[in-house]
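K.L.:
Take this structure, written in structure tokens, and hold onto it; I'll ask about it next.
The values are calculated or read from the model by the stated rules, or taken from the named source; none is laboratory data. Nothing here was measured: the structure is a model prediction, and the numbers come from that model. Counting neighbours? That spans all protein chains shown, and the Cβs are built from the backbone with ideal geometry, glycine included. Each accessible area value is taken on the protein alone, full model and side chains, heavy atoms only, with ligands, DNA and RNA left out. Shrake-Rupley method; radii C 1.70, N 1.55, O 1.52, S 1.80 Å.
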Amino acid sequence: MASQLLLTPNSVTSKVFFTGDCQGLTLRKKPNQATRVSNGFSLRAKAALRSNNNNKSSVEIPNQWYNLVADLSVKPPPPLHPKTFEPIKPEDLSHLFPNELIKQEATQERFIDIPEEVLEIYKLWRPTPLIRAKRLEKLLQTPARIYFKYEGGSPAGSHKPNTAVPQAYYNAKEGVKNVVTETGAGQWGSSLAFASSLFGLDCEVWQVANSYHQKPYRRLMMQTWGAKVHPSPSDLTEAGRRILEFDPSSPGSLGIAISEAVEVAARNEDTKYCLGSVLNHVLLHQTIIGEECIQQMENFGETPDIIIGCTGGGSNFAGLSFPFIREKLKGKINPVIRAVEPSACPSLTKGVYAYDFGDTAGLTPLMKMHTLGHDFIPDPIHAGGLRYHGMAPLISHVYEQGYMEAISIPQIECFQGAIQFARTEGIIPAPEPTHAIAATIREAIRCRETGEAKVILMAMCGHGHFDLTSYDKYLKGELVDLSFSEEKIRESLSKVPHVV
């Protein structure tokens, strides 16, 4: 019987594998499977032949990140100092971030070179596959063609290492010894723990309490890579103690966890803070997803009619969509770009566009974003990575400029879609991208009704192997839809700073 054993890539564009039977193995090279079709692991070359549009058989890892700000005619509003309400200066951020990341946060340059040391680590899992979801199409009986860009093959199982690795690199390069951060579902915390282990950094993580208890294996991943992990709110910080005094059983939120991590970074000179979403430099690093995907769609001979991704803070959505927005601004393509957020935490669809703090305690700069109020604590939905009160300022700005749209979907519909996806495509998705899956299924069914053969491109940002308790609740019929309280949001929004 033939067998295959994939080995570590020895270059960006090739892999080595063994083929043969138990009597003897022969060695040959195989082109990189950066694009495949889900009803058989076909090479991209075969897909290109089917499209009659291109005969390339590989995709290169991009060597630059893309900065959408450079191509926007209307620039986003600047972050403000929380005390003076004046635009933030680089030195105001120096206690939190290394200099290179501060530069990237404010840069107007279109492209930023990816350091060779970062590219070498990216090669552990990049390029990531673009997959045609033919079995899902068949199940839905839709004429639409569904593609998903899958980021679950990274060591941490999601897109988060795309920014964790460069953040750890720049901190280590500037002599930082310790990094601190927050995490919701644990995908970001495990990614930073992984990256920190590669660069010799000590890593400390405040994980939202609800997820800390729901997802113990994410915590164990972080600890395996050497990180210290605390449930948030904790009694280790002033911010955490204030929350616990008010609500001893608080489920926590990303805003609270950010407050705790920022507080620790601010009071220790040898410690810097890392953030897994929201900020411009984080979104910048994630654009490697979309840059790869543009090449892959071209190799398939396809142009997306609609691009769909889940949004919490926005890094996964921005990573896929921003390079396509660039092409849209050039007039080359005109896809609908749709963000999907949980109904229980709908910052884009129900929040206000205003200056607000990025954390609960008010320690961060003020950022112009769609917000539900910085002390809004969402109900404990299973998509822990989407339980954030605000949206990335750059995504908020793009939304305000009309380059994208947004919808919200409740979690039961999302898990229904996840089950359909898992039983056709074989991948069990993390709770976060189930929102994108649900929206994709809605669109595919709409195409079935209208007869339109749209090309749907979806961001599949990670697997759900450590989220199976959520699936257990759904399969037992115990999962319920959680929604926001209008009164709760009004109360939270009343505390948003008034900036003239």
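K.L.:
Whole-Hz Karplus ³J(HN,Hα) for the stretch 207-212, in order, using 6.51 cos²θ - 1.76 cosθ + 1.60 and θ = phi - 60°, x for Gly and Pro?
P.N.:
With coefficients 6.51, -1.76 and 1.60, one gets 9, 3, 3, 4, 6, 3 Hz.
K.L.:
I would also like to ask the following. Using the alpha-carbon centroid of each, what span in Å lies between the stretch 280-348 and the stretch 154-179?
P.N.:
Between the Cα centres of the stretch 280-348 and the stretch 154-179 lies a distance of 23 Å.
K.L.:
Dipole size in debye (nearest 20) for the chain around its Cα centre, Lys and Arg Cβ +1, Asp and Glu Cβ -1?
P.N.:
1960
K.L.:
With Rg and the Kirkwood Rh both taken from Cα atoms, where does Rg over Rh land for the chain?
P.N.:
Taking Rg over the Kirkwood Rh, I get 0.96.
K.L.:
Hand me the trypsin sites (Lys or Arg not before Pro) from the stretch 419-500 located in a DSSP loop with no more than 15 other Cβ atoms within 10 Å, in residue order please. Let's see the in-between values first.
P.N.:
Values: sites: Arg423, Arg442, Arg446, Arg448, Lys454, Lys473, Lys476, Lys488, Arg490, Lys495; in loops: Lys454, Lys476, Lys495.
Passing sites in the stretch 419-500 are Lys476, Lys495.
K.L.:
Under 16 Å between alpha carbons, and skipping anything fewer than 8 positions from Lys332 in its own chain: which lysines qualify?
P.N.:
Partners found: none.
K.L.:
Could you check the spin-label model distance between Glu91 and Asn268? Points 7 Å from the Cα along Cα→Cβ, value in nm.
P.N.:
Those two pseudo-labels are separated by 2.6 nm.
K.L.:
Ok, one more. Decide, for the stretch 304-417, between rounded, prolate and oblate: order the square roots of the alpha carbon gyration tensor eigenvalues as a ≥ b ≥ c, take rounded if a/c falls under 1.5, and otherwise choose prolate if a/b is larger than b/c, else oblate.
P.N.:
oblate
K.L.:
On to the next question. Express the carbon and sulfur contribution to the solvent-accessible surface of the stretch 188-325 as a percent, rounded to the nearest whole number, probe 1.4 angstrom.
P.N.:
50
K.L.:
Right, another one. Rounded to the nearest 10 Å², what accessible area does Leu201 show when all protein chains are kept and the probe is 1.4 Å?
P.N.:
20
K.L.:
Among rounded, prolate and oblate, which fits the stretch 424-471 when a ≥ b ≥ c are the square roots of the eigenvalues of its C-alpha gyration tensor, a/c under 1.5 means rounded, and a/b larger than b/c means prolate?
P.N.:
In terms of gyration-tensor shape, prolate.
K.L.:
Can I ask one more? Can you list the trypsin sites (Lys or Arg not before Pro) in the stretch 243-326 that are in a DSSP coil and have 15 or fewer other beta carbons within 10 angstrom?
P.N.:
Details: sites: Arg267, Lys272, Arg326; in loops: Arg267.
Those that pass, being in a loop and sparsely packed, are Arg267.
K.L.:
If you build the convex hull over the alpha carbons only and average its shadow over all orientations, what do you get for the stretch 344-500? Give it in nm² to one decimal.
P.N.:
Its Cα hull, projected and averaged over all orientations, spans 11.1 nm².
K.L.:
Binning at 5 Å from 0, report for the stretch 140-209 what percent of all alpha-carbon pair distances ends up in each bin.
P.N.:
3, 17, 23, 19, 12, 7, 5, 4, 4, 3, 1, 0
K.L.:
Per 10 Å bin, what percent of the C-alpha pairs of the stretch 437-500 does each bin hold, from zero upward?
P.N.:
Per 10 Å bin, starting at 0, the Cα pair percentages come out as 15, 21, 26, 29, 9, 0.
K.L.:
Follow-up question, since we're still on this one. Quick check on the stretch 190-312: take the gyration tensor over C-alpha atoms, sort the square-rooted eigenvalues as a ≥ b ≥ c, and tell me if it's rounded (a/c under 1.5), prolate or oblate.
P.N.:
Verdict is prolate for the stretch 190-312.
K.L.:
Using the heavy atoms of the protein chains alone and a 1.4 angstrom probe, what is the accessible area of the chain per residue in square angstrom? Please list the in-between numbers first.
P.N.:
Details: 19620 Å² over 500 residues.
The answer is 39 Å² per residue.
K.L.:
Still on this structure: With runs of 4+ DSSP H residues as the only contributors, calculate the mean residue ellipticity of the chain at 222 nm using -39,500 (n - 2.57) per run, divided by the residue total and rounded to the nearest 500.
P.N.:
That comes out to -11000 deg cm²/dmol.
K.L.:
List the pairs from Lys134/Lys328; Lys83/Lys272; Lys330/Lys350; Lys83/Lys103; Lys89/Lys173; Lys454/Lys476 whose alpha-carbon separation is above 24 Å, in the order I gave them.
P.N.:
In this structure, Lys134/Lys328; Lys330/Lys350; Lys454/Lys476 lie more than 24 Å apart at Cα.
K.L.:
Oh, and also: Rank Thr107, Thr237 by accessible area, highest first, at a 1.4 Å probe radius?
P.N.:
The ordering from most to least exposed comes out as Thr107, Thr237.
K.L.:
Extension gain Leu124-Glu449, at 0.36 nm per residue separation less the Cα-Cα distance, in nm?
P.N.:
Gain on extension, Leu124 to Glu449, equals 112.8 nm.
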